[in-house]
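Worksheet: the structure to be examined is printed underneath.
Read the figures in this text as sums done on the coordinates, not as results from a lab. Source: prediction; values computed, not measured. Because the Cβ atoms are built from the backbone with ideal geometry, glycine has one as well, and the counts that use them run over all protein chains shown.
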Ligand SMILES: Cc1cc2nc3c(=O)[nH]c(=O)nc-3n(C[C@H](O)[C@H](O)[C@H](O)COP(=O)(O)OP(=O)(O)OC[C@H]3O[C@@H](n4cnc5c(N)ncnc54)[C@H](O)[C@@H]3O)c2cc1C
């Protein structure tokens, strides 16, 4: 979405094909780091995000070890903690505002490059008739299990560091004190809690 917004702002005609019909309501990423905040800031997106977020200069790790970000040479010497929906919405709003067409619920299934352009084939997520788009360039920004990378035949060597992660957005009646990210990591696993400062809808949480 960020690339789409930037290209549209530069006057290019941009279409985003996004598999999910709407933004996922659950968080996968919850901490936005200093450099990303700077990138969002250069597009005028950071103030609205920070207004709704908590920040953490220190990350408390296991055995009393902490990572102190307060000395970073940045306007944002901390991590921003907020539900991923907030962070996802900002670049999408930016892309649409700059004139990019964002088509949701459309899954890319094919790529075919000729001497003039690239033909992208896609279909509604869950099945349906395929459609094609012609473009001078295609940007593959489709994540770790990239369809575009597979279609190009590009390898992704290496091994995963983690075997599994469970992540949940929850409302706690009695959460941990403080606003920072607190982790505990015995030998084989780790756990973290991180207050997100998401205001509870009226009447749903004490
Ligand atoms: C458990 C977990 C926790 C994490 N926590 C953090 C964190 O706290 N802070 C942080 O900075 N990072 C965190 N990360 C990493 C972060 O989520 C990724 O680095 C980031 O999401 C990568 O962004 P991306 O745009 O490349 O891919 P993605 O965010 O995966 O976006 C790719 C998009 O492409 C779409 N797509 C995929 N295939 C197709 C297709 N065929 N057709 C159309 N659309 C398609 C997907 O629906 C998706 O919307 C975490 C990752 C995990 C797994």
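Odds and ends about this structure:
- Antiparallel DSSP beta bridges within the chain, as percent of all bridges there, nearest 5: 80
- Helix 84-97 vs. the chain, principal-axis angle (Cα, 0 to 90°, nearest 10): 40
- Of all the options 130, 159, 13, the one that moves most in a Gaussian network model of the chain with Cα springs shorter than 10 angstrom is 159.
- The chain: radius of gyration over Cα atoms, expressed as a fraction of 2.2 N^0.38 Å: 1.20
- By average C-beta atoms within 10 angstrom, highest first, the peptides 134-147, 40-53: 40-53, 134-147
- Convex hull of Cα atoms in region 1-83, direction-averaged projection (nm²): 7.4
- Whole-number percent relative contact order across the chain, with pairs defined as alpha carbons under 8 Å at least 6 apart: 26
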